[in-house]
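The values are calculated or read from the model by the stated rules, or taken from the named source; none is laboratory data. The shown structure was predicted, so the numbers you read here are calculated from the model rather than taken from an experiment. Note that we place each Cβ from the backbone using ideal geometry, even for glycine, and neighbour counts take in every protein chain shown.
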Amino acid sequence: MVSRRGASPLGCLVPILLVALVIYLGRDFAAAYFRFYRFQDAMAQDARFAGDPTRTEDSVLTHLRYVADSLEMPRAARSVHIAHTPKGVLIWSDYDETIELPFNHERTIHFHATSETRF
């Protein structure tokens, strides 16, 4: 009689396949959120230097549009808004990213990048 120790013939193949599937499906989501955080960081940097008299509103808009373009974000992300309030500066942009999933499914994620600096 052969003694068995309880191991399955497939070993750890099923967990490895599950991890690979999660990585495969999650890479596009991770890339979208990574672009969002980098864009929001650029907004925060521009908002911090908004009090500098050499930085005009047009130069800030141009820089943020360049960042959105270099990150290969959707065209709507290039629509950046700046509002000057008595307490500081508010910069924001709204856009959607569509992620393609297997079997002709899509998932649209709405992003609201914003940064506010108080004087």
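Is the range 63-73 home to any residue that is among the polar types (S, T, N, Q), in a strand (DSSP E or B) and closer than 19 Å to Ala31 by Cα? Scanning the range 63-73, I find no residue that is among the polar types (S, T, N, Q), in a strand (DSSP E or B) and closer than 19 Å to Ala31 by Cα, so the answer is no.
Regarding the range 39-51, can at least one residue be identified that is at pLDDT 95 or above and either exposed (fewer than 14 other Cβ atoms within 10 Å of the Cβ) or among the acidic types (Asp, Glu) (or both)? Yes - at least one qualifying residue is present in the range 39-51. The set of residues in the range 74-119 being in a strand (DSSP E or B), touching a Lys or Arg at 6+ places or on another chain (Cβ under 7 Å) and closer than 14 Å to Gln40 by Cα consists of Thr117 alone. Restricting attention to the range 91-119, the residues that are aliphatic (A, V, I, L, M) and under 17 Å from Leu61 (Cβ atoms) add up to 2. Can you spot a residue in the range 76-89 that is touching an Asp or Glu at 6+ places or on another chain (Cβ under 9 Å) and within 26 Å of Tyr24 (Cα to Cα)? The answer is yes; a qualifying residue exists. Of the residues making up the range 29-88, just one is closer than 16 Å to Phe119 by Cβ, touching a helix residue (DSSP H, G or I) at 6+ places or on another chain (Cβ under 9 Å) and among the basic types (Lys, Arg), namely Arg55.
Scanning the range 27-52 for residues that are over 13 Å from the mean Cα position of the chain (by Cα), among the small types (Gly, Ala, Ser) and assigned to a helix (DSSP H, G or I) yields Ala44, Ala47.
For the range 78-115, enumerate the residues that are among the small types (Gly, Ala, Ser) and surrounded by 18 or more Cβ atoms within 10 Å (Cβ to Cβ).
Matches in the range 78-115: Ser93, Ala113, Ser115.
Residues in the range 65-76 that are closer than 20 Å to Ala50 by Cβ and either at pLDDT below 90 or surrounded by 13 or more Cβ atoms within 10 Å (Cβ to Cβ) (or both): Arg65, Val67, Ala68.
Conditions tested, residue by residue: (1) of a type in the set (A, V, I, L, M); (2) free of Cβ contacts under 8 Å to residues at least 60 places away in the same chain; (3) on the phi > 0 side of the Ramachandran plot.
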| position | (1), (2), (3) |
| --- | --- |
| Val80 | yes, yes, no |
| Ala83 | yes, yes, no |
| Pro86 | no, yes, no |
| Ser93 | no, yes, no |
| Asn104 | no, yes, yes |
| His110 | no, yes, no |
